[in-house]
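Novice: One structure, as structure tokens, below. Some questions next.
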């Protein structure tokens, strides 16, 4: 049996690659590591068209879907029945992230306090430009340090 150490990478479908790159760089401090398959013939053959970005020690792809992408209903807070991606920040970086969302005029819900004896401290919920639901939290049960989002 494989002994999984961590998640290496994952992806988020987006509607506009440049808009998504700018959003994630501004809010989370991501950096673009590479762009893949912008060759039109490759894209026609069904190969993924995406930008890889790095946030802390996690690589994820901002990918264009092959067809129309169903997006969650904005009226359903926190991605109920839809998509939700959760990010962790250190407790000290949580308030600056919330302030950054306010400064940028990005609507959000929270901060929401979680039960005192649970693993999560507080979360804030918002959407990226493509409609993906995002949760950012600080955790009471952090087991490692060093990998953190740059929130200003």
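The values are calculated or read from the model by the stated rules, or taken from the named source; none is laboratory data. Being a predicted model, the structure only gives us computed values, none of them experimental. Heads up, the Cβs are rebuilt from the backbone with ideal geometry, glycines too, and the neighbour counts pull from every protein chain shown.
Novice: Before we move on, is residue 104 under 14 Å from residue 28 (Cα atoms) and surrounded by 17 or more Cβ atoms within 10 Å (Cβ to Cβ)?
Specialist: no
Novice: Given (1) under 30 Å from residue 101 (Cβ atoms); (2) loosely packed, with under 13 Cβ neighbours inside 10 Å; (3) modelled with pLDDT of 70 or more, identify the lone condition not met by residue 8.
Specialist: (3)
Novice: So is residue 110 touching a helix residue (DSSP H, G or I) at 6+ places or on another chain (Cβ under 9 Å) and modelled with pLDDT of 90 or more or not?
Specialist: So residue 110 passes the test.
Novice: Yes or no: residue 73 at pLDDT below 90, more than 12 Å from the chain's Cα centre (by Cα) and either assigned to a strand (DSSP E or B) or surrounded by fewer than 17 Cβ atoms within 10 Å (Cβ to Cβ) (or both)?
Specialist: yes
Novice: What number of residues in the stretch 125-147 are at pLDDT below 80 and either touching a strand residue (DSSP E or B) at 6+ places or on another chain (Cβ under 8 Å) or not in a loop (DSSP other than H, G, I, E, B) (or both)?
Specialist: So the count comes out to 2.
To keep it simple, each residue is scored yes or no on (1) within 21 Å of residue 21 (Cβ to Cβ); (2) touching a helix residue (DSSP H, G or I) at 6+ places or on another chain (Cβ under 9 Å); (3) at pLDDT below 65.
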{"residue": "45", "(1), (2), (3)": "no, no, yes"}
{"residue": "49", "(1), (2), (3)": "yes, yes, no"}
{"residue": "62", "(1), (2), (3)": "yes, yes, no"}
{"residue": "69", "(1), (2), (3)": "yes, no, yes"}
{"residue": "77", "(1), (2), (3)": "no, no, yes"}
{"residue": "92", "(1), (2), (3)": "no, no, no"}
